[in-house]
Amino acid sequence: MLQQAENLYEQQRVAKTKIANGDFDGAIKLLEATIAQYPEALTAKVLLLPLIGRRGPILHYRQQLASLLDQLKGNALSSVDLGRRFLTSIQYACTYEERSKSLSLLIEATRKATKKHPNDLDFTLLLIELWYASGSYTQMIAQADHLIKSEIKHPKLNSLNRVIRKVQHPKYPDMDRPKIFGIGLSRTGTTSLNKALQVLGFHSIHWTNPHTKDLIGGSDYFQFDAFTDITTSYNFEELYRRFPNAKFIYTPRAVADWVRSMEVHHRNYRGISDIAQLNNANNMDRFRGKASMIASQLFTQYSSWKVAYEIFHDRVNSFFESNNRNRLLVLDVCGGEGWEKLCGFMDVTVPDVEFPTSNQTPKHIR
């Protein structure tokens with residue numbers, strides 16, 4: 001039995017590494033073999049679920065998720081990693097009604113785990129994040145308060161504390177607070193920009209809220225300092241008007257390189273490469289329809305990736321030529337621009353570290 005547990009753990013560890021490295025096909029093959037060998041391996045099934053689900057009908061994904069969540073009923077959550085992966089799938093696949101029920105089930109399983117493991121900080125932090133994801137700020141703050149007062153050092157707790165301080169501020173929600181919006185399209189260095197802003201001390205997030213696992217939007221704009229990826233680029237004009245003291249950073253890229261990167265990314269991640277496939281019937285309900293709405297505004301209304309890029313590029317230039325150009329920085333991250341230009345725009349000191357290089361296309365699929 002011990003040998004079986006060790007083998008299962010190792011296979012799941014290798015699968016996680018493959019996922020982290022973007023080798024989704026390799027992870028799928030390994031996890032399918034693992035589940036065939038260990039049919040009760042819940043973690044392996046939860047790891048496999050989004051890899052398969054994002055390439056097929058979301059209804060099937062949703063049904064499989066509900067079946068796996070049923071196994072939590074009345075039980076304590078077995079691991080923090082499992083809980084966070086469940087949360088990611090809930091946000092991605094569930095309808096609004098299903099999301100509420102699923103979060104409640106996951107919260108109860110995590111509460112049982114905190115009682116079973118009272119000294120495990122990570123379970124408590126997960127529970128705080130689940131309260132946050134459910135919109136229960138009172139519960140989130142109450143759960144976090146004693147940890148914050150104890151001055152425990154933990155990156156997630158520090159991040160949550162920064163959110164809570166903003167929520168508790170008398171001026172919340174404060175539209176006059178300075179913000180930074182990275183409005184480049186995906187695959188233009190937005191992940192690197194996000195990391196760079198974090199190095200500079202800004203509470204910056206990319207694509208999703210790292211605690212709730214939901215797409216950036218709504219209250220997130222008041223709870224963090226900086227934002228990158230298409231969750232902010234699709235409606236940058238609205239953000240410009242809502243936040244008068246915000247700055248905007250546009251990351252362009254050579255259009256031919258960008259088109260190839262987008263095709264490779266979507267083929268690897270979701271099994272598609274044609275722009276028209278982004279909003280097929282199987283994928284319309286991702287993130288309760290929000291992702292499809294963003295894709296429609298930026299991509300799928302156009303005939304090709306190239307046309308979509310060129311129209312957005314012109315849209316950014318035209319808007320800022322007609323408004324305050326001083327609020328915009330054009331930063332060619334993919335072309336090698338970095339600290340000097342960014343720090344000059346932000347009026348901060350250049351840090352003594354290399355500019356981040358993140359989320360490059362995995363070598364095995366280039």
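The values are calculated or read from the model by the stated rules, or taken from the named source; none is laboratory data. Everything numeric in this text was worked out from a predicted model, so none of it was measured. All Cβ positions, even for glycine, are placed from backbone atoms using ideal geometry, and neighbour counts span all protein chains on display.
Regarding the stretch 223-243, can at least one residue be identified that is among the charged types (D, E, K, R), closer than 18 Å to GLY289 by Cα and without any contact (Cβ under 8 Å) to a residue 60 or more places away in the chain?
Yes: one or more hits.
Considering only residues that are more than 15 Å from GLY53 (Cβ to Cβ) and at pLDDT 90 or above, which ones fall in the stretch 276-291?
Scanning the stretch 276-291 gives a single hit, LYS290.
Out of the stretch 73-90, which residues are assigned to a loop (DSSP other than H, G, I, E, B) and closer than 21 Å to HIS211 by Cα?
ALA76, LEU77, SER78, SER79
Residue-by-condition table, conditions (1) without any contact (Cβ under 8 Å) to a residue 60 or more places away in the chain; (2) not in a helix (DSSP H, G or I):
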residue	(1), (2)
LEU105	yes, no
THR114	yes, no
ASN119	yes, yes
LEU130	yes, no
ALA133	no, no
GLN139	yes, no
ALA144	yes, no
ILE148	yes, no
LYS153	yes, yes
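For the stretch 193-214, enumerate the residues that are under 14 Å from VAL163 (Cα atoms), among the hydroxyl-bearing types (Ser, Thr, Tyr) and either assigned to a strand (DSSP E or B) or in contact with a Leu (Cβ under 7 Å, 6 or more places away or on another chain) (or both).
Within the stretch 193-214, just SER204 meets the criteria.
Might you let me know whether the stretch 165-178 holds any residue that is surrounded by 15 or more Cβ atoms within 10 Å (Cβ to Cβ) and within 20 Å of the chain's Cα centre (by Cα)? Spell out the reasoning first.
Taking the stretch 165-178 as the starting set, the residues that turn out to be surrounded by 15 or more Cβ atoms within 10 Å (Cβ to Cβ) are 166-167, 177.
Checking the rest, the ones that are also within 20 Å of the chain's Cα centre (by Cα) come to none.
For the stretch 165-178, residues surrounded by 15 or more Cβ atoms within 10 Å (Cβ to Cβ) and within 20 Å of the chain's Cα centre (by Cα): absent.
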